Amino acid sequence: MALTQITGSGIAIGAKPNVAFQVQATDTDQVISGGSQTKIQWESVELDTSSYWDSTNNRYKPQVAGWYMFFGMVRVNFYSPPAGVVNNLLYKNGSSYQTLQIQMTTDYFTNGNYPFPSVLVLMNGSSDYVEMFFESDEQVTLHDAASAPSRFGGFLVHPT
């Protein structure tokens, strides 16, 4: 999508489109079974400058081609026995694109906020979409505390 801006002197310059989103979930108690990669459900939209967030499918499908930066944090409550492995995964078009794995060998996780992988992703501006998935070796509950919201967001860095 090429945008043009006309200055006061009549000079046309390229302008970057303002494309960004952020969604959150608080105290929704999404249960994830141990050993399964499960799509994270998001409760509400905090920011969506161009209405590209799909609340029904919990995915972002931008209609401006370019490089996007995606980021996030998920609140996790671990059951007993505590978990030793956590995977936060960014999926692109239904397949794992980037994984952030946290693994403990002698200690274990109890509760906390865990980051998503922050990564630049090339999106085609028509059919590409991204989603966040979570996996742990034990059953967990996501978004268990209103005081510690989970968030997922992204923004256009460079249009193509």
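The values are calculated or read from the model by the stated rules, or taken from the named source; none is laboratory data. All values reported here derive from a predicted model rather than from experimental measurement. Heads up, the Cβs are rebuilt from the backbone with ideal geometry, glycines too, and the neighbour counts pull from every protein chain shown. Just so you know, the surface numbers come from the protein's heavy atoms only, side chains and all, with ligands and any DNA or RNA stripped out. Shrake-Rupley method; radii C 1.70, N 1.55, O 1.52, S 1.80 Å.
Descriptive notes on the structure:
- Taking all protein chains together and rolling a 1.4 Å probe, Thr38 ends up with roughly 40 Å² accessible.
- Peptides 141-147, 50-56 ordered by average Cβ neighbours within 10 Å, highest first: 141-147, 50-56
- Contour minus Cα-Cα distance for Phe155 and Ser36 (0.36 nm per residue): 40.0 nm
- Estimated from the Cβ-Cβ distance and a Förster radius of 25 angstrom, the FRET efficiency linking Ala146 and Asn18 is about 0.25.
- Under the Karplus curve 6.51 cos²θ - 1.76 cosθ + 1.60, θ = phi - 60°, whole-Hz ³J(HN,Hα) for segment 45-55, x wherever Gly or Pro sits: 9, 8, 8, 7, 5, 10, 6, 9, 6, 9, 5
- Taken along the Cα-to-beta-carbon direction at a fixed 7 Å, the label points for Asp54 and Thr99 span 2.4 nm.
- Taking all protein chains as shown and a probe of 1.4 angstrom, Val45 keeps an accessible surface of around 70 Å².
- Karplus 3J(HN,Hα) series, Hz, for segment 20-26 with 6.51 cos²θ - 1.76 cosθ + 1.60 (x for Gly, Pro): 7, 8, 7, 10, 9, 9, 9
- Using θ = phi - 60° and Karplus 6.51 cos²θ - 1.76 cosθ + 1.60, couplings along segment 118-134 (whole Hz; Gly, Pro as x): 8, 7, 7, 10, 7, 10, 7, x, 9, 10, 5, 8, 10, 9, 10, 10, 9
- Projected over all directions and averaged, the alpha-carbon convex hull of the chain occupies 10.5 nm².
- Only alpha carbons enter this Debye calculation for segment 95-160, each as an equal point scatterer, and the log10 of I(q)/I(0) it gives at q = 0.18, 0.26, 0.29 Å⁻¹ is -0.88, -1.41, -1.61.
- Probe 1.4 Å, all protein chains present, accessible-area order of Lys61, Lys92, largest first: Lys61, Lys92
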